[in-house]
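Beneath this line is the structure, given in structure tokens, with notes to follow.
Only the coordinates and a few stated rules stand behind these numbers; no lab work does. What you see is a predicted model, and the numbers here were worked out from it, not measured in a lab. All Cβ positions, glycine included, derive from the backbone under ideal geometry; neighbour counts span all protein chains shown.
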Amino acid sequence: MLYKIDSLKKIHGTTTILDISGLAIERGTIYSLTGPNGAGKTTLLNLLSFLDVPTSGTIHFQGTPVVFQQRMLHQLRRQVVQVDQYPILFTGTVGKNVAYGLKIRGVEKKQRTAVVEEVLEMVGMSSFVNADALTLSGGETKRVALARALAIEPDVLLCDEPTANVDTENQAIILDILKKCNRDKNVSLIFATHSLSEAATLADNTIVLQNGRLSHGRKINVYSLRHQRDAGRGDFWVIGETLMYPVAELREVGAGRNKVYIAPDTISCTLLHNREEQQPDTWPGWIRRVECNKGKVELTVDCGLDLTVLMDVAEYRRQALNVDSRVAVHAGLEPSMFFTG
Amino acid sequence: MELLLDSLRQAFMLLIAGDPELFEIVGVSLTVSTLSTMIAACVGLPCGFVVAFKSFPGKRFVITVLNTLLALPTVVIGLVVYSFISRRGIFGPLELLYTQKAIIIGQVILIIPVITTLTIAAISRIDKRYRRTALTLGAGELQMAAVIFKEARYGIIAAVIAAFGRVIAEVGISMMLGGNAKGFTRTMTTAMALEYDKGQFVLAVALGCVLMAFAFCINMLFHFFQGRTRNDAL
């Protein structure tokens, strides 16, 4: 067992950011951490990387209870490394950045140079070894930050949104590196992501967070997907065996995929008045639950299946929505929403 | 006007001729100011790091006190230090009064708040991610501080330069604790005050020119490093 978490809480002021009753993370496996913005993904990563202290609760790391005191934290941090969503590189060359972790561990220069060469090769940045680290692009910075983390051969690698704000080419490279370091070096990997397809393709297990709590049940807005040809009406995606969705142009993207994830903040919800006709590409439904959370309103809309919709408070008030309001839901499908599960 | 121009001309001649008295005074000034800046930096920089990084009760109060101490008049420091090192003071037996050491003690007290507050400001401007990154890569507290020091180096150098500029131009402490003894504790500023009292302006003007030249160079350096900090932040 790598991590064992019991009754872990992180509270800022009066807001509970994270509240996990129990969680076990196995060694040598890849975990994805998913959930909407503000679900507590980064907070959990910070606690797992020992960069933050929980308000209450316990974390066992490799069987030992963690005491959040300087000396023990320093020892633990030498085994666990986190790569931020927006990593920062130190002033100096790329090579010096990558060698930093080794240098502070007292590794000899000759060996440092060899490791730096190896990891930079691994991330495809060998030619940048003498380049000024502050002149790199976002994707390059992420790759160098990853190389810097891998150079110290950690037991655990924690990545916060490893492919966010990175072009498609760099995304593939980064995902490949992560997979390789888990497979070849047996590094346990936990990464936070918004992309369910990324989570499904890379991770062995998925941890879903919602409002700081583990979501044990069904993942929000994840539905089975089926392609259906209806005589006379054209092609349809059948979502959750209930909703028919005519999306001809995404036929190739969805081919072979059997799941779809509809991000709650991409769904629009419009109040339907009795006399109004329903617009095409929308589903009628009723609001069954309303919850306000961190400046956003979370609605559960029953439109044959329960859809979670996230909207701004201002928009919610403008439309005067409420429980039992009849609404038209529109969700545009995008290639990134399809995955195989 | 004629007096000033005449004094300026003669002062210029004095500088060109390499007047030994003038250079002796400049030497004392530089020695005393450099030593006090170095000692104050040894105290002020770590203090700045601790205040900037650590959370402790009364942190805001400490910062407010440090900011208040920036406005401490030199004569007040002179008076307080005098009460400790005069014959009747508790450090009287050490016979520090009217020595360069006495001036250095006073000047160190004067500029520790300057270095500390400017160090706090320089570190506070540094991206918080540097600290997290160093820690997650396995750095200890001192190794992490070294990373921050490196990233904030221009701001910290600017803090030390500003402190040097403050001591080389001060007169109250040097006069009250040094006593303006010729060739021993006579600094540029105390010598200028004395020459003014005597009604002889030539040496005073010459020293004034040297002091202004120093002030100019110090300010150039200060703005150079401040500018580097801003450019780096872009």
*Based only on Cα atoms, what Rg/Rh ratio does chain A have, Rh being taken as Kirkwood's radius?*
1.03
*Output the peptides A:223-236, B:199-212, B:103-116, A:81-94 sorted from most to least packed, where packing is the average of other Cβ atoms within 10 Å over each peptide's residues.*
B:103-116, A:81-94, B:199-212, A:223-236
*Can you work out the PRE-style zone for B:F149? Point 7 Å along Cα to Cβ, and I want the residues of the stretch B:105-120 with backbone N under 16 Å.*
B:116, B:119-120
*Label A:L134 and A:L271 with points 7 Å out from Cα along Cα→Cβ: what is the distance between them in nm?*
5.3
*Amide H of A:R213: which non-local residues (sequence gap of 5 or more, or other chain) have their own amide H closer than 5 Å, using H built in the peptide plane?*
A:D19
*At B:Y196 and B:R88, where each label point lies 7 Å from the Cα along Cα→Cβ, what is the point-to-point distance in nanometres?*
3.0
*asked:* Below 12 angstrom from the Cβ of B:V202, what's the summed charge of the other residues (Lys, Arg +1; Asp, Glu -1)?
replied: -2
*Could you tell me what % of all Cα pairs in the protein assembly as shown have separations over 42 Å?*
45
_If Rh is defined by the Kirkwood formula over all Cα pairs and Rg also comes from Cα, what ratio Rg/Rh do you get for the stretch A:1-156?_
1.01
*Putting +1 on Lys and Arg Cβ atoms and -1 on Asp and Glu Cβ atoms, find which of B:V75, B:L35, B:L137 reaches farthest to the positive end of the dipole of the stretch B:30-144.*
B:L137
*Calculate the mean, over all residues of peptide A:304-315, of how many other protein chain Cβ atoms lie within 10 angstrom of the residue's Cβ.*
0
_Max mean-square fluctuation residue, GNM over chain B, Cα-Cα springs under 10 Å, options B:F222, B:F164, B:F184_ = B:F184
_If the reach is capped at under 19 angstrom between alpha carbons, list the lysines near A:K259, excluding any in the same chain fewer than eight residues apart._
A:K219
*For the residues B:R9, B:R153, what sequence is obtained by ranking on other C-beta atoms within 10 Å, fewest first?*
B:R9, B:R153
*Cα long-axis angle, helix B:201-233 against chain B (0 to 90 degrees, to the nearest 10)*: 10
*Go ahead and collect, in residue order, the members of the stretch A:287-331 whose backbone nitrogen is under 20 Å from a label point 7 Å along the Cα-Cβ direction of A:Q228.*
A:302-307, A:329-331
*Once Rh for the stretch B:109-185 is found with the Kirkwood sum over Cα pairs, what is the Stokes-Einstein diffusion coefficient at 10 °C and 1.306 mPa s, in µm²/s?*
109
*What's the longest bit of chain A with no exposed GluC sites (Glu not before Pro), using DSSP loop states and at most 14 other Cβ atoms within 10 Å as the test?*
A:109-240
*Using a basic spin-label model with each label point 7 Å from the Cα along Cα→Cβ, how many nm lie between B:L30 and A:A24?*
7.3
*Mind checking the mean number of beta-carbon atoms from other chains within 10 Å of the Cβ atoms in B:126-135?*
5
*When the helices in chain B are scored as -39500 (n - 2.57) per DSSP H run of 4 or longer and the sum is shared across all residues, what 222 nm value do you end up with, to the nearest 500 deg cm²/dmol?*
-25500 deg cm²/dmol
*Applying the Karplus parametrisation 6.51 cos²θ - 1.76 cosθ + 1.60 with θ = phi - 60° to the phi angles of the stretch A:183-188, what ³J(HN,Hα) value in whole Hz is obtained for each residue in order, glycine and proline being reported as x?*
6, 7, 10, 6, 7, 6
*Neighbouring partner chain Cβ atoms per residue of A:75-86, average, 10 Å criterion*: 3
